[in-house]
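Structure, as structure tokens:
The values are calculated or read from the model by the stated rules, or taken from the named source; none is laboratory data. Remember, predicted model here, so these are calculated numbers, not experimental data. Virtual Cβ from ideal backbone geometry, glycine too; neighbours counted across all protein chains shown.
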Amino acid sequence: MTYTIRWEDNSSRILPTKIIVVGCGGTGGFVAEGLLRLFGSNGPDILLIDMDRVEEHNLKRQNFYKPDIGKFKAQALAERFALQYGRRIGYSILPFDPEMKTPMGAGMSSYTIQHDLIIGCVDDSTDARRLMGYCLDDYKGNWLIDAGNGHHSGQVLIGNVKDIKNLQSGFDKGAGTVDKLPMPTLQAPSLLMPVVKEAPQVDCAEAVETEDQSPVINQAMATLVLQFVYLLSKQRLPWMGAYIDLDTLQTTPVPAEPETIARMLALKVDTLIRPEEPMCHIGKMSRPLERR
């Protein structure tokens, strides 16, 4: 059976009202602009977070231009997009912090970490991934998308529950929907494992120069992230993850199914499916049985 992710809260909102993009380098810079193209001028508030500055070698493969050199990445993108799209774009040049409340630029005076969706594009930053997970509230339905990549491959994972026991009854078999999925680091715990490199660490742009990373992998990852966001906003997203390999041109989706989560987290399938209300029939009318 195919389930689609239900993105609603008590006010029955479907489209997000606040999106946070953490990491504005190779993947995040293209994701940020893609969100503006996707939702238009009346779309959700967007906050960009990145503490790094633009360097000359970033120009080859990231969403920056020569006048951006020396600026903070989040600032450069927010100011350009605010002018280009005629709308407010928030940014922060501080490390990601769930408790942050700081002055912003590009038309936004302040912003707190309240959101419908966080999109993480943070490469090997395990600290940022851990903090993004802290922002999830298992009972409010806010979502986290994590995008990560290697040389020519990568993955996009989505979830909204950080405590495994709260996954109970997340799948509505009658409606064919799911509103509870394990957060990305529960799906792939290796995301929180520090990456040990013998050579000095370099950023994505330098990795491209030394042929340690494909020059197009980040654009491919951004496209995959934006497709997730688009289908999610339309209530048509049937996947909890997807893996891409540019060398073989293969994309492998991970369906949002109770059997998938049960195998992943050693749970019983029945506990993930919402019990159906017993019905009694009176003539042509039907109603749930009353419980005493």
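Restricting 142, 149, 166 to residues that are out of contact with any strand residue (DSSP E or B) (no Cβ under 9 Å at 6 or more places or on another chain) and more than 15 Å from residue 256 (Cβ to Cβ) narrows the list to 166. Taken over region 11-35, the criterion of being of a type in the set (A, V, I, L, M) and surrounded by fewer than 18 Cβ atoms within 10 Å (Cβ to Cβ) is satisfied by 14, 15. Restricting attention to region 248-267, does a residue exist that is farther than 24 Å from residue 26 by Cα, more than 21 Å from the chain's Cα centre (by Cα) and among the polar types (S, T, N, Q)? Looking for residues that are farther than 24 Å from residue 26 by Cα, more than 21 Å from the chain's Cα centre (by Cα) and among the polar types (S, T, N, Q), one finds none in region 248-267, hence no. Looking only at residues of region 128-161 that are among the acidic types (Asp, Glu) and modelled with pLDDT under 90, we find that the one that is surrounded by the fewest Cβ atoms within 10 Å (Cβ to Cβ) is 137. Each residue in region 36-54 was checked for being part of a loop (DSSP other than H, G, I, E, B), aliphatic (A, V, I, L, M) and either in contact with a Ser or Thr (Cβ under 6 Å, 6 or more places away or on another chain) or buried (at least 24 other Cβ atoms within 10 Å of the Cβ) (or both), and 1 of them qualify. A count restricted to region 232-273 and to residues that are touching an Asp or Glu at 6+ places or on another chain (Cβ under 9 Å) and modelled with pLDDT under 95 stands at 1. Among the criteria (1) surrounded by fewer than 24 Cβ atoms within 10 Å (Cβ to Cβ); (2) among the aliphatic types (A, V, I, L, M); (3) at pLDDT 95 or above, the one residue 74 does not fulfil is (1).
Applying the set (1) in contact (Cβ under 8 Å) with a residue 24 or more places away in the chain; (2) over 19 Å from residue 99 (Cβ atoms) to residue 162 leaves exactly one unmet item: (2). Consider residue 208 carefully, then state whether it is touching a helix residue (DSSP H, G or I) at 6+ places or on another chain (Cβ under 8 Å), at pLDDT below 95 and not in a loop (DSSP other than H, G, I, E, B). In short, yes.
Within this structure, residue 198 fails the test of being surrounded by fewer than 20 Cβ atoms within 10 Å (Cβ to Cβ), at pLDDT below 95 and touching a helix residue (DSSP H, G or I) at 6+ places or on another chain (Cβ under 9 Å).
Checked against (1) more than 23 Å from residue 220 (Cα to Cα); (2) modelled with pLDDT under 90; (3) of a type in the set (Ser, Thr, Tyr), residue 125 passes all but a single condition, namely (1).
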